[in-house]
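Quick notes on the structure that follows.
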Amino acid sequence: MKTSPAPRRLGELAALVGGELLGDPEQLIHGLNGLEEAGPGDVSFYGNTRYRRQFEASRASAVLVGTSEPAREGVALVRVSNPHLAYARLLRVFHPDVRPAPGIRPGAWVHPEATVHPEASVLAGATVEAGAKVGARSVLYPGAYVGEHASVGEDSVLHPNVTVRERCVVGSRVILHASSVVGADGFGFAFDPEGEDGPQHFKIPQVGIVRIEDDVEVGACTCIDRATVGETVVGRGTKLDNLVQIAHNVRVGPLALICAQAGVSGSAEVGTGVVLAGQVGVVGHIRVGDLAKVGAQSGVAHDVPDGQIVSGSPAIPHREWLRASAASGQVADLLKEMRALRKRVEQLEKEKGP
């Protein structure tokens, strides 16, 4: 049974996040909550001026704020450079990771030729095939599957029904959320107009692998396809949201953020620190440059230079897209005005005569 976390002194918490405390360091804090939900004994955070009203009305005992926020009567403040990050760090204090005890549970199936570190946890219903390796302190929840000669590094977590197909490589401190698939066949077919049974799409064998580097997190029901040959790569520290599709031979650089329902087509390259917002589509064989950002529902059909922000379908520089979007609301009025002008011109030509 999960117990409530022990209270912590506010001064201790401020020190943990490197903050400047304006308030009583001995005050006991029992947990964290949002500005509107927080009450006495809670810490909240205020990092966006859109929530000024909620901040001023909050009943929290203490609030994490920016370094320039003035003192406020009746509530302790902890000034930090990044309130959101400080809040995340304190959540870890009150809600530390709880992992199952090490060992292979009854009901798990581990091939005799697999290598599972004694400190790893393999729960009932998980499967580790021949030649596969599972590193120290990694956890395989029920239904997780590690295929032949695949490997999972140290301190990684495979949530229920995750699949890591044969020969694929998962690094250390990787989190694979429920029902994600690493190493499904890439979508590769060659059209054969003269097949034995008539025209057909001939399946191209997908003989490569997926390599997921350290500190990657993969959302639920996300699919990362194995390469046709070579590797599909997801770089160090990258985070993939739920329902993301990464196609064969894609290379995603370090520290990228790819949001829900985005898709990256085969052999595309996504650079370091790129942000793809929700439902973005990237066509194959192009490059999205380092630190580029792509707005939601955009279709990226051409290379995106380093650092550029693009939106729309087809994606264009964001400022151009904003102007085009603003103008689109005036199209009906412009068409009406154009028709009126056309009629006026026709009338003037009739009055002028031949």
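The values are calculated or read from the model by the stated rules, or taken from the named source; none is laboratory data. Since we're looking at a predicted model, the values are computed, not measured. A quick note on method: Cβ atoms are made from the backbone with ideal geometry, for glycine too, and the neighbour counts reach across all protein chains shown. Surface areas here come from the heavy atoms of the whole protein model, side chains and all, with no ligands, DNA or RNA. Shrake-Rupley method; radii C 1.70, N 1.55, O 1.52, S 1.80 Å.
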Original post:
When residues of segment 312-327 are filtered for being at negative phi and open to solvent by less than 70 Å² (accessible area, probe 1.4 Å), how many remain?
Top reply: 8
Subject >> Counted residues, segment 158-207 - those being within 22 Å of Ala108 (Cβ to Cβ) and among the acidic types (Asp, Glu) >> reply: 1
**OP:** Look at Ile246 and say whether it is modelled with pLDDT of 95 or more and open to solvent by 10 Å² or more (accessible area, probe 1.4 Å).
**Re:** no
**OP:** Check off (1) open to solvent by less than 40 Å² (accessible area, probe 1.4 Å); (2) under 21 Å from Val174 (Cα atoms) for Arg251 and give me the number that stays unchecked.
**Re:** (1)
Original post:
Regarding Ala296, is this residue at pLDDT 95 or above, out of contact with any His (no Cβ under 9 Å at 6 or more places or on another chain), surrounded by fewer than 18 Cβ atoms within 10 Å (Cβ to Cβ) and small (Gly, Ala, Ser)?
Top reply: yes
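Specify which of the listed residues (Asp197, Asp225, Asp214, Asp185) is within 30 Å of Glu119 (Cα to Cα) and surrounded by fewer than 21 Cβ atoms within 10 Å (Cβ to Cβ). Can you show your working first?
Details: Asp197 fails: within 30 Å of Glu119 (Cα to Cα); Asp225 fails: surrounded by fewer than 21 Cβ atoms within 10 Å (Cβ to Cβ); Asp185 fails: within 30 Å of Glu119 (Cα to Cα).
Among Asp197, Asp225, Asp214, Asp185, only Asp214 is within 30 Å of Glu119 (Cα to Cα) and surrounded by fewer than 21 Cβ atoms within 10 Å (Cβ to Cβ).
This table checks each residue for (1) free of Cβ contacts under 8 Å to residues at least 40 places away in the same chain; (2) closer than 30 Å to Ala15 by Cβ.
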| site | (1), (2) |
| --- | --- |
| Arg105 | yes, no |
| Ala108 | yes, no |
| Pro142 | yes, no |
| Glu154 | yes, yes |
| Leu158 | yes, no |
| Val170 | no, no |
| His177 | no, no |
| Val182 | no, no |
| Gly186 | no, no |
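Among the residues that make up segment 138-150, is at least one of them in a loop (DSSP other than H, G, I, E, B), touching a Ser or Thr at 6+ places or on another chain (Cβ under 8 Å), of a type in the set (Gly, Ala, Ser) and open to solvent by 10 Å² or more (accessible area, probe 1.4 Å)?
Initial filter on segment 138-150 (in a loop (DSSP other than H, G, I, E, B)): 138, 141-144, 147-150.
Applying the additional criterion that residues be touching a Ser or Thr at 6+ places or on another chain (Cβ under 8 Å) yields 138, 144, 147.
Next, only the ones that are of a type in the set (Gly, Ala, Ser) stay: 138, 144, 147.
After this cut, where a residue has to be open to solvent by 10 Å² or more (accessible area, probe 1.4 Å) as well, the list is none.
Scanning segment 138-150, I find no residue that is in a loop (DSSP other than H, G, I, E, B), touching a Ser or Thr at 6+ places or on another chain (Cβ under 8 Å), of a type in the set (Gly, Ala, Ser) and open to solvent by 10 Å² or more (accessible area, probe 1.4 Å), so the answer is no.
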Subject >> Which numbered condition Phe202 misses (of (1) in a strand (DSSP E or B); (2) of a type outside the set (A, V, I, L, M); (3) within 23 Å of Thr272 (Cβ to Cβ)) >> reply: (3)
Original post:
Which one is most open to solvent (accessible area, probe 1.4 Å), of the residues in segment 60-74 that are in contact with a Leu (Cβ under 9 Å, 6 or more places away or on another chain) and charged (D, E, K, R)?
Top reply: Arg72
**OP:** Kindly indicate the residue of segment 1-37 that is open to solvent by less than 40 Å² (accessible area, probe 1.4 Å) and without any contact (Cβ under 8 Å) to a residue 40 or more places away in the chain and also nearest to the chain's Cα centre (by Cα) among those meeting that condition.
**Re:** Gly34
**OP:** Look through segment 151-173, keep the residues that are among the β-branched types (Val, Ile, Thr) and surrounded by fewer than 24 Cβ atoms within 10 Å (Cβ to Cβ), and return whichever of them is farthest from Val233 (Cα to Cα).
**Re:** Val157
